[in-house]
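Only the coordinates and a few stated rules stand behind these numbers; no lab work does. Here the structure is a predicted model, which is why all the values come from computation and not from measurement. Here the Cβ is made from the backbone with ideal geometry for all residues, glycine too, and neighbour counts use every protein chain on show.
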Amino acid sequence: MAGKKGSGKNVTKTVVKADDSGPSTKKLSAKNGRPSRYHKDFDKIAHGLALLGSTNDELASAFKVSNTTIDNWIKMHPTFAAQVRGGRLLADANVASALYQRAVGGTVVQEWREGVDKDGEVYQLRTQKELPADVNAAKHWLNNRQRDKWKERQEAEDNSGNGFQLVIHETLRPDAAKDGD
């Protein structure tokens, strides 16, 4: 069977595109089916979509391919994978930074406005607005960054090693102050 066409060897084929951008050479594999629809221009598009928080499912929809195809492109095209991961990493970093700023508070806006004094003189007035720290943002940050110390529900273990939730409710009895308890 050696020397038979289509025996699983790669075949190089020249394809002429309809847009007259010139011929392109693609490697086709007889056992892997048709050539990939991937194009190097997809890298930049994927990066932008990843910055917007797109999942692999949403990338597949945008490129009009299956989810498996996106997974394959990420595995087979290092530049595509790097752009997707880089976009997601940058987006996550920006959100984390914004959440952190919201958690700790700080200066939000500095702007210049013009004013006129009682003598009719025009002056520049700088306004700076301070954003107070947000307890919910801080709680969210700590719950996710230091889960062992700040998680909402503490879990305890019984002697068998099985986890269970321990919920403690404390109430002050109305007569506690009178009894001295």
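Quick notes on this structure:
- Pairs of Cα atoms nearer than 8 Å and 6+ residues apart set the relative contact order; for segment 99-151 it is 40 percent.
- Efficiency of FRET from Cβ geometry, Gln146 and Val109, R₀ 35 Å, rounded to 0.05: 0.70
- 3J(HN,Hα) from dihedral phi, segment 74-88, Karplus parametrisation 6.51/-1.76/1.60, rounded to Hz, x for glycine, proline: 5, 6, 8, 10, x, 5, 5, 4, 5, 5, 5, 5, x, x, 5
- If the segment from Ala62 to Gln128 were pulled out straight at 0.36 nm per residue, it would be longer than the present Cα-Cα gap by 19.6 nm.
- Sequence-ordered 3J(HN,Hα) estimates for segment 122-133 from the Karplus curve with 6.51, -1.76 and 1.60 and θ = phi - 60° stand at 7, 9, 9, 10, 8, 10, 10, 9, 9, 9, x, 4 Hz, glycine and proline given as x.
- Rg/Rh, computed from the Cα trace of segment 29-126 with Rh as the Kirkwood radius, has the value 1.38.
- Using a Förster distance of 22 Å, the FRET efficiency for Ile45-Asp92 (Cβ separation, nearest 0.05): 0.70
- Each residue of segment 67-73 was assigned a 3J(HN,Hα) from its phi angle through the Karplus curve 6.51 cos²θ - 1.76 cosθ + 1.60 (θ = phi - 60°); the sequence is 4, 4, 4, 4, 4, 5, 4 Hz, with glycine and proline shown as x.
- Amide H contacts for Leu131 (H built 1.01 Å from N in the peptide plane; partners 5 or more residues away or on another chain; cut-off under 5 Å): Gly106, Thr107, Val108.
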